[in-house]
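Here's the structure we're looking at; comments come further down.
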Amino acid sequence: MSLVLKSSAEIDIMQQANRIIWDVLEEVERKLEPGMTTMDVDRMAEDMIRSAGAKAAFKGYPHPGDGSPFPGTVCVSLNDEIVHGVPSEKTVLSEGDILSVDCGVVYKGYYGDSARTFPVGDISEESRRLLDVTRESLKKGIAQAKVGNRVSDIGHAVQTHVEGHGFSVVREFVGHGIGARLHEDPQVPNFGAPGRRERLQAGMVLAIEPMVNAGGPDVLLSASDGWTARTRDGSRSAHFEMCVAVTEDGPRILGQLSGSNGG
Ligand code: MG
Ligand code: MG
């Protein structure tokens, strides 16, 4: 991997790529209801990405272990699943579930990558709090994405917020630089002491993506599909992700409509 700074013209294209994802996630939020399958969500995303003239970034992504291709357009992670859940006709959503949808596209040669966790119908008070704390921790992280800070200032802000609310941060998966490749340097952990790692510079674009467990931080990888990561203790997990450009004028959140709160 390498660290690549982007011009404002490149950041504008990445804004468009992430805007396509924003529209997908808004549509999922509107349509999501008990009785749908995670494959229904996948098809909805696939149709919208294609109509927008973009390409799904995760479909065919090689497994880091055996190189087998990821089969879905989006990752759909249900309840105690953290990330990388595989869409299936057999996974039917029920009232009270929470579903994380992670969507990546490539558009005009540049990647976008964003995720949200959605409630399915009415959810428990604890699940609601998990979603709120995770979404808020992403905002705290984004606020640190400014010139002169260091990468670990982002993760420190995320971790402090999450642990202050009694939840835990996943260590095994981290955010990342993004651009003409889906994963670039630097890695962006959601934990750690402040003032460490790379110094943030204008032109860096980062995918910041806290993964937060209601219980302990430990992760279990699915033996059956090889992709799905879930919580070891069976507690629920949430995931919010946005791409952010570091600019001289402060963090520029890519993808969202102006004035919107990021999900
Ligand atoms: Mg993602
Ligand atoms: Mg990502």
So which DSSP H runs in the chain come out at 18 Å plus along the axis (Cα) with average Kyte-Doolittle of at least -0.5? 8-31, 151-164
Taking only the alpha-carbon positions of the chain as identical scatterers, the Debye log10 I(q)/I(0) at q = 0.12, 0.16, 0.17 Å⁻¹ comes out as -0.65, -1.22, -1.39
May I have the pair-distance distribution P(r) for the stretch 28-165, computed from all Cα-Cα distances with 5 Å bins from 0 and rounded to whole percent? 2, 9, 16, 18, 18, 17, 14, 6, 1, 0
Please list, by residue number, every one of the trypsin sites (Lys or Arg not before Pro) in the stretch 182-219 that is coil in DSSP and has at most 15 other beta-carbon atoms within 10 Å. ARG196
If you count only protein heavy atoms with a 1.4 Å probe, what accessible area per residue comes out for the chain, rounded to a whole Å²? 41
Taking protein heavy atoms only, a 1.4 Å probe, and rounding to whole percent, the accessible area of the chain owed to carbon and sulfur comes out at 49
From the helices alone, meaning DSSP H stretches of at least four residues, give me the mean residue ellipticity at 222 nm for the chain, per-run term -39500 (n - 2.57), in deg cm²/dmol to the nearest 500. -9000 deg cm²/dmol
Alpha carbon centre of the stretch 91-155 versus the stretch 225-243: separation in Å? 11
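Could you list the GluC sites (Glu not before Pro) in the stretch 62-103 that lie in coil according to DSSP, counting only those with at most 14 other Cβ atoms within 10 Å of their Cβ?
When the GluC sites (Glu not before Pro) of the stretch 62-103 are filtered for loop state and at most 14 Cβ neighbours within 10 Å, GLU89, GLU95 remain.
The values are calculated or read from the model by the stated rules, or taken from the named source; none is laboratory data. Note that the structure is predicted; figures quoted are calculated from it, not measured. Glycine gets a Cβ as well: all are built from the backbone with ideal geometry, and neighbour counts include every protein chain shown. In case anyone asks, the SASA skips ligands and DNA or RNA and just uses the protein heavy atoms, side chains included. Shrake-Rupley method; radii C 1.70, N 1.55, O 1.52, S 1.80 Å.
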